[in-house]
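Participant: Please read through the structure below; I'll follow up with questions.
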Amino acid sequence: MTERQRVNSQTGRLDKVAAQLFPTYSRSQIKDWLLTGRMVVNGQPKKPKYQVVSGDLIELDRPEVQHIAVVPEDLPLDIIYEDKDVLVVNKPQGMVVHPAPGHPNHTLVNALLYHSPLSTINGEYRPGIVHRIDKDTSGLLMVAKNDLAHRSLAAQLKKKTNIREYTALVHGRIKPNKGKIDAPLGRSPKNRKKQAVVAGGRNAVTYFEVVKRYRDYTLIKCILETGRTHQIRVHMKYIGHPLVGDPLYGPTKTIKGQGQFLHAGKLGFKHPVTGEEMVFEVPLPVIFRKTLDRLDKTNDI
């Protein structure tokens, strides 16, 4: 649902003016919508500190409110590590992390609630969830079982002290052996379901390193400095090497699989209670390994 308000005599920061023009919503909601691109000015995303001028048109693409009952479900979990404070789970490709409109159940959160108590900081729909990966991305997630653990793990993410390494298969042959992509991300003004590199978006940094080059593809390792929605997928498309199998950002002519070939294979953090440095690794899923085996035979340099 889209709501529109025109700036008349109001002056000052965008977030403050928007709070006046949309009084039914909190300042924190408005700031979040500005940062994620749901609220735009004259069709363009702007930072909360943007100084409005008379005549500016502020538009809000408000998400529909839909109540979802989060029910524990007895679903299989690949738990790599667990103690009374945290657990590390290897999420399969195709599983949504937490309930949302369109995915009310059969999520990782439904399975985790059946298995264990979880932290409450992220509310009813995302208990225990400190960070997320996309539905069709496989790999490691750290989960908080209590609020103390959640605060510690979230603080580590904010300070960028975690290890988060991904393996990705992309289109084309990347020439440099390694690189850094520093490009701000926000909601695409052309397609609200997509993220894009946009002026005034949220800071986003991805490092990549070539693992192997094929004739038409490149296998890379990606290391996240930040963790924005669809970050690796958008950044790799931005430099001209979209992920293989990506239904949202990739080409239509691609290797078919179960979505993008992206795997969160390595995760590290400091234990929230003991302070121990913990690092976990899991191998590529079967479909990813089989695809690489096939490329070794048919697409090798």
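No value in this document is a laboratory result; all are computed from the given coordinates. Values in this document were obtained by computation on a predicted structure and should not be read as measured data. Positions of Cβ are generated from backbone atoms using ideal geometry, with glycine treated the same way; all protein chains shown enter the neighbour counts.
Participant: Starting with the highest mean, order 234-240, 7-13 by the number of other Cβ atoms within 10 Å, averaged over the residues of each peptide.
Facilitator: Order by mean packing, descending: 234-240, 7-13.
Participant: Give, as a single signed number, the net charge of other residues whose beta carbon lies under 12 Å from the beta carbon of residue 276, with Lys and Arg counted +1 and Asp and Glu -1.
Facilitator: Working: positive: 270; negative: 83, 85, 277.
Charge balance in the 12 Å sphere: -2.
Participant: Quick one: putting +1 on the C-beta of Lys and Arg, -1 on the C-beta of Asp and Glu, what dipole do you get for the chain around its Cα centre, in Debye to the nearest 20?
Facilitator: About 1300 debye.
Participant: Can you give the angle from 0 to 90° between the axis of helix 147-159 and the longest principal axis of the chain, with both taken from C-alpha atoms, to the nearest 10?
Facilitator: With rounding to tens, the tilt is 90 degrees.
Participant: Please report the equivalent ellipsoid semi-axes of segment 136-193, computed as sqrt(5 x eigenvalue) of the Cα gyration tensor, largest first, in whole Å.
Facilitator: Semi-axis lengths for segment 136-193 are 29, 18, 14 Å.
Participant: Angle, helix 27-36 long axis vs. longest principal axis of the chain, Cα atoms, 0 to 90°, nearest 10?
Facilitator: 50 degrees
Participant: I need the per residue convex hull volume for segment 2-61, using only the alpha carbons, in cubic angstrom as a whole number.
Facilitator: Spread over its residues, the Cα hull of segment 2-61 gives 64 Å³ apiece.
Participant: While we're on this one: If amide H atoms are built 1.01 Å from N in the plane of the peptide, which residues on other chains or at least 5 residues away come under 5 Å of the amide H of residue 226?
Facilitator: So residue 226 has HN proximity to 205.
Participant: Output the peptides 172-179, 269-276 sorted from most to least packed, where packing is the average of other Cβ atoms within 10 Å over each peptide's residues. If you can, show how the numbers build up before the last one.
Facilitator: Values: 172-179: 12.9, 269-276: 14.5.
Going by the mean number of other Cβ atoms within 10 Å, highest first, we get 269-276, 172-179.
Participant: Here's something else I'd like to know. Let me have the 222 nm mean residue ellipticity of the chain computed from DSSP H runs of 4+ only, each contributing -39500 (n - 2.57), with the sum over all residues rounded to the nearest 500. Display every interim value, and only then the final one.
Facilitator: Numbers: 6 runs with 60 residues, N = 301.
Dividing the helical sum by the residues of the chain leaves -6000 deg cm²/dmol.
Participant: Can you tally the net charge around residue 240? Count Lys and Arg as +1, Asp and Glu as -1, for every other residue whose Cβ sits under 12 Å from the Cβ of residue 240.
Facilitator: Residues near residue 240 contribute +3 overall.
Participant: What whole-number volume per residue, in cubic angstrom, does the convex hull of the C-alpha atoms of segment 66-159 give?
Facilitator: Convex hull volume per residue, Cα atoms: 92 Å³.
Participant: Another question, if that's okay. Can you tally the net charge around residue 208? Count Lys and Arg as +1, Asp and Glu as -1, for every other residue whose Cβ sits under 9 Å from the Cβ of residue 208.
Facilitator: +2
Participant: In units of 2.2 N^0.38 Å, what is the alpha-carbon radius of gyration of segment 164-301?
Facilitator: Taking N as the residue count of segment 164-301, the ratio is 1.10.
Participant: What do you get when you divide the Cα radius of gyration of segment 1-147 by 2.2 N^0.38 Å, with N the number of residues?
Facilitator: 1.32
Participant: Now for a different question. Starting from one equal scatterer on each C-alpha and no solvent at all, send me the Debye-based log10 I(q)/I(0) for segment 219-268 at q = 0.27 Å⁻¹, two decimals.
Facilitator: Listed by q, the Debye log ratios stand at -1.17.
Participant: Which distance in Å, rounded to a whole number, links the C-alpha centroids of segment 145-174 and segment 19-74?
Facilitator: That distance is 26 Å.
Participant: For residue 16 and residue 191, what does the FRET efficiency come to when R0 = 22 Å and r is the distance between their Cβ atoms, rounded to the nearest 0.05?
Facilitator: E between residue 16 and residue 191, to the nearest 0.05, is 0.15.
Participant: Here's something else I'd like to know. Once the mean 1/r over all distinct Cα pairs of the chain is inverted, what Kirkwood radius in angstroms do you read off?
Facilitator: 20.8 Å
Participant: Restrict the search to segment 3-72; then list the GluC sites (Glu not before Pro) that DSSP places in a loop and that have at most 10 other Cβ atoms within 10 Å of their Cβ.
Facilitator: Passing sites in segment 3-72 are 64.
Participant: Further, regarding this structure: To make sure I understand the rule: partners must be lysines, Cα under 27 Å from the Cα of residue 212, and not fewer than 8 residues away in the same chain. Which ones qualify?
Facilitator: 91, 135, 175, 178, 180, 221, 237, 253, 256, 266, 290, 297
Participant: For segment 149-242, compute the orientation-averaged projected area of the C-alpha convex hull (one quarter of its surface), in nm².
Facilitator: Averaged projected hull area, Cα only: 6.9 nm².
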